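Contents: one structure, followed by commentary.
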Amino acid sequence: MRLLTSLLILLVATQLTTAQSNTSNIFRFLELTPTAASAALGGNHVAVYDGDFSLIHLNPAYLGEDDSGHASASYINFLADVNMGFTSMAYDLGSKGMLAAGIRYVGYGEFDRLDEDGNNLGNFSANDVSLTGAYSIILNENLRAGGALDVIYSSYATFKSMALAVSGGVYYQDETNNFSAGISVRNVGTQVKAFDDNREPLPLDISAGISKKPEAFPFQLILTLKQLNNWDMRIFGETERPTFANNLFRHVLFGGETNVAEVMRVRLGYDHYLHEQTKTGKNFDLAGLAFGIGFDIKNFTFDLSRNSYSKLGGITRLSIKTSIFEQ
């Protein structure tokens, strides 16, 4: 039954993708990287070695029995006055599997409401929020499968929208060979209420990745191929398709992690698609690069990351994980 359940999760998610467009203009906050650790590795990886419950938004199958009773929180100091927060918590159901819940929130700040003549009519706010419930089961010693349901809500002044989405994934980890692999199908769903009665597709993403620490090499290497459902990765303003090689690398996320002490980790990452979006000229710059550190203090794990947007600035993320109760 567990195997059938996991296969059904992936089958339903995959079949529904045929009815959706590969592009979306709504709920783009669902594509944001939820934790500082993953952001420092370059972005939304689906096969991070020792991935945990804090990454259920990327691959629900990350949720494992070692996560029971743990909670995480992340804060993102985004560009301008935009603030973002992510939180999640895991609970062990015993032989029935693992359960987790999470919240993603984006606040865009206060805006002036003006009429057509420029008269100030007061202020309004804009925000996005998603409530997530995730479930995972063990298929065998090394393999897990998971699924998640998102209730998504956006409010921009008097304009409101609501959507439901499901995600599914599998995650394989071989501790003997320091190897992991994962596949994830995210954001399969539809708007329950549209902004203007014109329903738009959600930001569908099918990703696959691996992680491996080669012998006698200090870094655990992580590679993810994102947007496998959307080959054409042109950025805004491009009228012609990029070269085959350039377009291929826009699908690639690459990262590495190493332990510099028993309680400290250093991470590096690169997102070529982000580089193409934010580079400011033909000269080499740091657009798309990421770095970060993680360290443990008693019962807490702290992660800090910095992602470069070239001359536009950078994004700093802070994440905290801890055990709040034991089962």
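The values are calculated or read from the model by the stated rules, or taken from the named source; none is laboratory data. Quick caveat: nothing in here was measured; it's all calculated off a predicted structure. Because the Cβ atoms are built from the backbone with ideal geometry, glycine has one as well, and the counts that use them run over all protein chains shown.
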Criterion violated by Thr280 - all others in (1) part of a loop (DSSP other than H, G, I, E, B); (2) within 17 Å of Ala40 (Cβ to Cβ); (3) among the hydroxyl-bearing types (Ser, Thr, Tyr) satisfied: (2)
Per-region count, region 225-245, residues farther than 21 Å from Gly269 by Cβ, exposed (fewer than 12 other Cβ atoms within 10 Å of the Cβ) and either touching a His at 6+ places or on another chain (Cβ under 9 Å) or free of Cβ contacts under 8 Å to residues at least 12 places away in the same chain (or both): 6
One residue from Arg186, Arg113 being touching a helix residue (DSSP H, G or I) at 6+ places or on another chain (Cβ under 8 Å) and of a type in the set (Lys, Arg): Arg186
Residues that are aliphatic (A, V, I, L, M), crowded, with 21+ Cβ neighbours inside 10 Å and closer than 15 Å to Leu223 by Cα, drawn from region 250-291: Leu253, Ala290
Enumeration of residues in region 237-255 that are in contact with an Asp or Glu (Cβ under 7 Å, 6 or more places away or on another chain), part of a loop (DSSP other than H, G, I, E, B) and modelled with pLDDT of 90 or more: Arg250
Cβ-Cβ under 7 Å pairs, at least 6 apart or on other chains, region 246-267 side within 23 Å of Asp205 (Cβ to Cβ), far side hydroxyl-bearing (Ser, Thr, Tyr): Arg250/Tyr273; Leu253/Thr224; Phe254/Tyr270
Residue ID - nearest to Ile315 (Cα to Cα), chosen from residues in region 45-65 that are among the acidic types (Asp, Glu) and in a loop (DSSP other than H, G, I, E, B): Asp52
Which numbered condition Lys321 misses (of (1) more than 29 Å from Asp81 (Cβ to Cβ); (2) among the basic types (Lys, Arg); (3) modelled with pLDDT of 95 or more): (1)
Matching residues, region 283-315, being part of a helix (DSSP H, G or I) and either touching a Lys or Arg at 6+ places or on another chain (Cβ under 8 Å) or hydroxyl-bearing (Ser, Thr, Tyr) (or both): Ser310
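Residues checked against (1) surrounded by 21 or more Cβ atoms within 10 Å (Cβ to Cβ); (2) of a type in the set (Lys, Arg):
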{"position": "Asn247", "(1), (2)": "no, no"}
{"position": "Ile293", "(1), (2)": "no, no"}
{"position": "Lys311", "(1), (2)": "no, yes"}
{"position": "Arg317", "(1), (2)": "yes, yes"}
Scan of region 168-186 for residues that are among the polar types (S, T, N, Q) and either over 14 Å from Ala134 (Cβ atoms) or modelled with pLDDT under 95 (or both), ordered by number: Gln173, Thr176, Asn177, Asn178, Ser180
Single match in Asp52, Asp81 (criterion: more than 15 Å from Gly133 (Cβ to Cβ), surrounded by fewer than 19 Cβ atoms within 10 Å (Cβ to Cβ) and not small (Gly, Ala, Ser)): Asp81
Subset of region 66-109 (residues that are farther than 26 Å from Asn307 by Cβ and assigned to a loop (DSSP other than H, G, I, E, B)): Ser68, Gly69, Leu93, Gly97
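Each row is one residue, and each column tells you yes or no for (1) basic (Lys, Arg); (2) assigned to a loop (DSSP other than H, G, I, E, B); (3) touching a Pro at 6+ places or on another chain (Cβ under 7 Å).
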{"position": "Phe195", "(1), (2), (3)": "no, yes, no"}
{"position": "Arg199", "(1), (2), (3)": "yes, yes, no"}
{"position": "Leu202", "(1), (2), (3)": "no, yes, no"}
{"position": "Ala208", "(1), (2), (3)": "no, no, no"}
{"position": "Pro218", "(1), (2), (3)": "no, yes, no"}
{"position": "Leu221", "(1), (2), (3)": "no, no, no"}
{"position": "Thr224", "(1), (2), (3)": "no, no, no"}
{"position": "Asn230", "(1), (2), (3)": "no, yes, no"}
{"position": "Ile235", "(1), (2), (3)": "no, yes, no"}
Extreme residue, modelled with the highest pLDDT, among residues of region 147-167 that are closer than 19 Å to Val82 by Cα and surrounded by 21 or more Cβ atoms within 10 Å (Cβ to Cβ): Ile152
